[in-house]
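A quick write-up on the structure given underneath.
The values are calculated or read from the model by the stated rules, or taken from the named source; none is laboratory data. All values reported here derive from a predicted model rather than from experimental measurement. Cβ placement follows ideal geometry from the backbone for every residue including glycine, while neighbour counts extend to all protein chains displayed.
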Amino acid sequence: MAFESIKELRIIRGTSQANLATKSGLTQECVSLIEKGQRKAKDETLEALAEALGVDVVELTIGQMLESQGIAPEDRRAYIKKYFKSLRRRTGRGRKGFKTRRLN
C-alpha cells in the first residue's frame, strides 16, 4: 500500500508531528516543512521517517513521488498498478518479485 503522504500516514498512526520528529531524530519544524512540501527530504531523512512510522521506505516514497508529480489521490492506486504491470512485462517479475528492505 502506498500512502498519499507522510502526513496521511502520521495521522493514520495517530501520532503528532512532535512525536514523529522525536522518533526520527528530526525537529518538529523539519517534519512540518516536509509534510507541506516546502522542504525536500534527503534519503536518510526518508529512511528515518519510514522507520519511525513503521513502513518500508518504498511505500513512503511512492506516495511522495506521485504527490510531487501532481497525480490526483484518486488516480494513484491505478497508476501504481499500471507501473507494476509494466515492470512485470519487461522483467518477468511483479510487485512481489521485487525485494525491498523493511526497516525495523
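At-a-glance table
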{"read-out": "Selected residue (only one of Glu67, Glu47, Glu74, Glu4 is among the charged types (D, E, K, R), surrounded by 15 or more Cβ atoms within 10 Å (Cβ to Cβ) and at pLDDT below 80)", "value": "Glu67"}
{"read-out": "When residues of the stretch 34-44 are limited to those that are exposed (fewer than 12 other Cβ atoms within 10 Å of the Cβ) and assigned to a helix (DSSP H, G or I), the one modelled with the highest pLDDT", "value": "Glu44"}
{"read-out": "Residue list for the stretch 46-90, filter: in contact (Cβ under 8 Å) with a residue 40 or more places away in the chain and small (Gly, Ala, Ser)", "value": "Ala50, Gly54, Gly63"}
{"read-out": "Residue selected from the stretch 86-98 under the condition assigned to a helix (DSSP H, G or I) and surrounded by 12 or more Cβ atoms within 10 Å (Cβ to Cβ), by the criterion modelled with the highest pLDDT", "value": "Arg88"}
{"read-out": "In the stretch 8-33, residue modelled with the lowest pLDDT [restricted to those that are buried (at least 18 other Cβ atoms within 10 Å of the Cβ) and touching a helix residue (DSSP H, G or I) at 6+ places or on another chain (Cβ under 6 Å)]", "value": "Leu9"}
{"read-out": "Residue list for the stretch 21-30, restricted to those being under 12 Å from Ile6 (Cβ atoms), part of a helix (DSSP H, G or I) and free of Cβ contacts under 8 Å to residues at least 24 places away in the same chain", "value": "Ala21, Cys30"}
